[in-house]
Structure formats: C-alpha cells, structure tokens
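Notes for the one structure printed next.
The values are calculated or read from the model by the stated rules, or taken from the named source; none is laboratory data. Everything numeric here is computed off the predicted structure, so don't read it as measured data. When we count neighbours, we look across all protein chains shown, and the Cβ atoms used for this are built from the backbone with ideal geometry, even at glycine. Just the protein is used for accessible areas: all its heavy atoms, side chains included, with ligands, DNA and RNA removed. Shrake-Rupley method; radii C 1.70, N 1.55, O 1.52, S 1.80 Å.
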Amino acid sequence: MAKTPRPLKPLREFDYKLVSTKLDGLYINVSRDLERQIELGARRGHEQHERSLSVLMVMLRFAWNSYEAVRYISADTPPDPNRKPNYVIVIPPINRQLLDLLFSLVYMLDDLIPRSLDYQRAGWRDLVEERAAIKAAYGSDENYEDFLESMDAQVDHMVEIFQVTPEEQADPVLVDYWKTPFKLAKRESKCKPFLQFLEKSIYRDVSAQAHLTFAGLQKVSCFLVADLLGDSVSEDLRMRAIQSLHFQQVSRTAFLFLAVATEIDTYLKLGNHPSIDYLWVIFSEYVVESQEIYEFRYQNRAR
C-alpha cells in the first residue's frame, strides 16, 4: 500500500513592515552622513579622502537602487496584474551584483585609500579597452564620432584623478584588473576569513543561479513550464515553491543592502547602530543566511 505523504508544515509568514521603514531610514541616514563626510573632505582639501568616500557613496546608492527595484517587482501591494509571481526568478543576477559589490567593499575597507584607488584605476583600464574595441569596429563611422569623443574626455579625466602615469597610458596592461570575488577571498587581508565564508555560504549558490548553470536553471524550471506539468504537481505545491523562492531572493537583496550599509556605517563610525542591530536581529530570526552573516561579521563589530 502506498504511503500517505505527510502534510507539509505551513510556511512561516514574514511581516515586511517589521523592516521596511527601518531600511528606508537607514539608507537616508547613512547617505546623508556620507555626503557630509565627502563635503568635509572637499572643504579641507583632503582629495584622496574625498575620492575614496565617493566610491562608497556610489556603492551605497547602487545597493539601494537594487533593493528598491527588487522591492517594486516583487511587491504584493498595491495589487497589479502586471506583476507576475514568476518575475522573482530575475532577482538572482541582481543579488550576484550585490555580492560582487560587497566583496569589493569589504576588501577595500581594510585599506581604503590605496585599495579604492586600485579599484578606480582598474576601471580606467576597462574603459580604455572598451574604447579601443569600439574604435576598431566603428572608428570610421561618423555616427560614433560624438560618442567616441565623449569617451576620450572621460578617459582623460580619469587619468588625472586616478594618477595614471604616462607609462601606464602608453601600456594599459601595466594597470591590474580588479580581482573577482574568488580571488579577493584568497588575498591576505584582515577580511579574508569573512570573504571565504561568504564565498562558501552564499556566493556559490547565487552565482550558479545568476550564471544559469544547469543546477541554477533546474531550481526555477518548474515555474517556467508549470503549464506543461498538468496535474503532476498540485497548485498548492507550485504556490508554496514560488513563495519560498520569493522570500529567499527578496530577503537576500534586503540583507545584502543591509550588509553594505553596515560596512560603511561601521568604517566611518556614523552611529546608526540601533537601527542596524534591530534589522540584523529581525532578519536573523527568519533567514538562516542572514543569521550566519550577522554572527560571523556584524554582531560583535566595533561600535
């Protein structure tokens, strides 16, 4: 006789109101505090301080933009028939970007001024190589003339502020590429244990989903071919699966933004600890990954 399947436990409900307003307020506070630090550096003529903090500002705003985009496409309210539950499967590449950013940020903060300069100089090399490829393909096309001139101006501006030498301008290969998360995690630095932990605990899974390895594709395939499965999978099971994936991906976006904000707040001693601690504790109650990251890196951080 076939064994009757044991009923599944109901999914635990997460009230997003517990964190939404606090996350909004944290972004506003960290952003404004960071703006003041940048302005102070500019007034005092601390060019390297201003330059390095500007990198942090762009990273913070990128993380927030990603969070807001995910919050919009995954929202339940207000009701919108154009928001389909399956849209959640586009979030892993966004979370992969946030993790890439977090790896770079954590590594840079161990020695911010020189490492942020290395990060920016690597960007100069990337732009130079992109410009060379475009010129090789379209340099004789007058439709690209204005675009290429604007790239030339941008490259020249970066040469000045990122201290690119004449020798490096003549041979951009002399400027190193910025390292991937896997390589950053192998470099000797105070943050090495945390980056290695991140790589093993979450980065591999997010990367597999973002790159659509077969394992990553397999995790979402049932949502894409649900109409072909007929009655082989019940509607209740399908909804349970999409709700679980929805919570996993959206919560990852939220606590990865929180990690970025926490890193910047801690490094600059901005003092937003009550909100930060509250958010980590709430996420830790519902998300194992968040709890592990909090306990490894942020629970006992310097305040």
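For this structure, a couple of remarks:
- A cut-off under 15 angstrom between Cβ atoms defines the neighbours of E145, and their net charge, with Lys, Arg +1 and Asp, Glu -1, is -3.
- Pairwise centroid distance, computed over Cα atoms, of segment 54-70 with segment 87-102, Å: 13 Å
- Here the chain is treated with +1 on each Lys and Arg Cβ and -1 on each Asp and Glu Cβ, and its dipole about the Cα centre works out to around 1660 debye.
- Cα-based helix-to-principal-axis angle, 47-73 vs the chain, degrees rounded to 10: 30 degrees
- Average accessible surface for segment 59-104: 51 Å² per residue, computed with a 1.4 Å probe over protein heavy atoms with every protein chain in place.
- With N the number of residues in segment 159-206, Rg(Cα) / (2.2 N^0.38 Å) evaluates to 1.62.
- Cut-off 15 Å between beta-carbons: net charge of the residues surrounding E160, Lys and Arg +1, Asp and Glu -1: -3
- Relative packing of 23-35, 69-81, which averages over residues the other C-beta atoms within 10 Å, highest first: 23-35, 69-81
- Neighbours of R43, meaning other residues whose beta-carbon lies under 13 angstrom from its beta-carbon, give a summed charge of -2 when Lys and Arg score +1 and Asp and Glu score -1.
- Rounded to the nearest 10 degrees, the angle from helix 112-138 to the longest Cα principal axis of the chain is 90 degrees.
- Think of it as helices only: each DSSP H run of n ≥ 4 in the chain is worth -39500 (n - 2.57), and spread over all residues that comes to -22500 deg cm²/dmol at 222 nm.
- Binning all Cα-Cα separations of the chain at 10 Å, short to long from zero, yields these whole-percent fractions: 5, 22, 29, 23, 14, 5, 1, 0, 0.
- Size descriptors for segment 98-168, from the alpha-carbon set: Rg then Dmax equal 15.0, 46 Å.
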